[in-house]
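Engineer: Pasting a structure below so you can have a look.
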Amino acid sequence: MGQWWERNIIEPGKLPLLLALTAFVLTFVITRIITRMIRAGKGPFGNVKAGELHIHHVVPGVILTVVGGFGAVAGGQHGFGSALAALVFGIGAGLVLDEFALILHLDDVYWSEAGRKSVEAVVLTAALVGLLLLGFLPFGVDDLNDDELQNRAGVALNVVVNFLFSLIALSKGKLRLAIFGVIVPVVALIGALRLARPGSPWARRFYRRRPRARAKSILRAYHHDRRWLGPRRVLQDWIGGKPDPTPPSLLP
């Protein structure tokens, strides 16, 4: 275990990344526990206010993220300073992304249906950082052998092609596949080859005069959402808490 730790974490300089990821996940979990206790009226916690102004935890999160980010840039990959900066940055990022939906909508939607975006952002970020920690580098450059690494043109072509696959997946309305595809090339290829979601830029451009493709896209999206929407909502509710019911006046 000690040899594995030294070879895979310490020597590559990944300890700050591991500390930042750990702090990020723990901060999100602890923050959600506290906010759920506040929502239920339990425990000694309460909202932070300055007079009538509610201070959201994204505010200290931004401050900690800035401090930790600049500290990490100044501290390099090794030493106590870089480790401390990584912890500060991870805590700040956890606080910020826990209120990602608030930033996106510029409204306090924490316990609304729109607030689920915060949970999605946190899970997606943690997964991507975890892939980086495991050794997956963007565009799969780490998979190239020594001869290919010496061929700069080959590396550049690999990067460009995979980036194009990710863009195609994004244009097909497959955001998650596009993002993960930046890290894992096979995922980008899958997203680029699959049928576009209805309403996506790709579908509007290429399926406009292809009624069969358009109908197939709608049907596949319907079955996909029907299969996964329920389990995804259950997981989001378990992680972040169940949103408040939408008032009848706001229902479509």
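The values are calculated or read from the model by the stated rules, or taken from the named source; none is laboratory data. Source: prediction; values computed, not measured. With ideal geometry, Cβ positions are generated from the backbone for all residues, glycine too; neighbour counts draw on all protein chains shown. The accessibility values were calculated without ligands, DNA or RNA, using every heavy atom of the protein model including side chains. Shrake-Rupley method; radii C 1.70, N 1.55, O 1.52, S 1.80 Å.
Engineer: By accessible area of protein heavy atoms, probe 1.4 Å, what ranking do K172, K42, K14 get, highest first?
Structural biologist: The residues order as K42, K14, K172, largest area first.
Engineer: Over 10 Å intervals from 0, what percent of Cα-Cα pairs in the chain sits in each interval?
Structural biologist: 7, 21, 29, 26, 13, 4, 0
Engineer: What FRET efficiency would be calculated for the residue pair R209, V62, taking the C-beta separation as r and a Förster radius of 51 Å, to the nearest 0.05?
Structural biologist: 0.60
Engineer: Determine the dipole magnitude for segment 39-125: charges of +1 sit on the beta-carbon of Lys and Arg, -1 on that of Asp and Glu, nothing else is charged, the reference point is the Cα centre, and the result goes in debye to the nearest 20.
Structural biologist: 220 debye
Engineer: Give, in nm to one decimal, the length gained when the segment between I34 and H224 is fully stretched (0.36 nm per residue of separation minus the Cα-Cα distance).
Structural biologist: 65.0 nm
Engineer: Would you mind computing, in nm to one decimal, how far apart the modelled labels at A126 and N8 are, each placed 7 Å from Cα along Cα→Cβ?
Structural biologist: 2.0 nm
Engineer: Going highest first, how would you order 159-165, 120-126 by mean Cβ packing within 10 Å?
Structural biologist: In descending order of packing, they fall as 120-126, 159-165.
Engineer: Scan the chain and note any complete DSSP helix (H) whose C-alpha atoms cover at least 30 Å along its axis and whose Kyte-Doolittle average is 1.0 or more.
Structural biologist: Going by DSSP H runs, the hits are 15-40.
Engineer: If packing is taken as the average count of other Cβ atoms within 10 Å, what order do 46-58, 18-30, 81-93, 98-110 fall into, highest mean first?
Structural biologist: In decreasing order of mean packing, 46-58, 18-30, 81-93, 98-110 become 81-93, 18-30, 98-110, 46-58.
Engineer: Still on this structure: Could you size up the charge dipole of the chain around its Cα centre, putting +1 on the beta carbon of Lys and Arg and -1 on that of Asp and Glu, and report it in debye to the nearest 20?
Structural biologist: 1800 debye
Engineer: What span do the alpha-carbon atoms of segment 167-252 cover on each of the three principal axes, reported in whole Å from largest to smallest?
Structural biologist: Cα extents, longest axis first: 40, 33, 19 Å.
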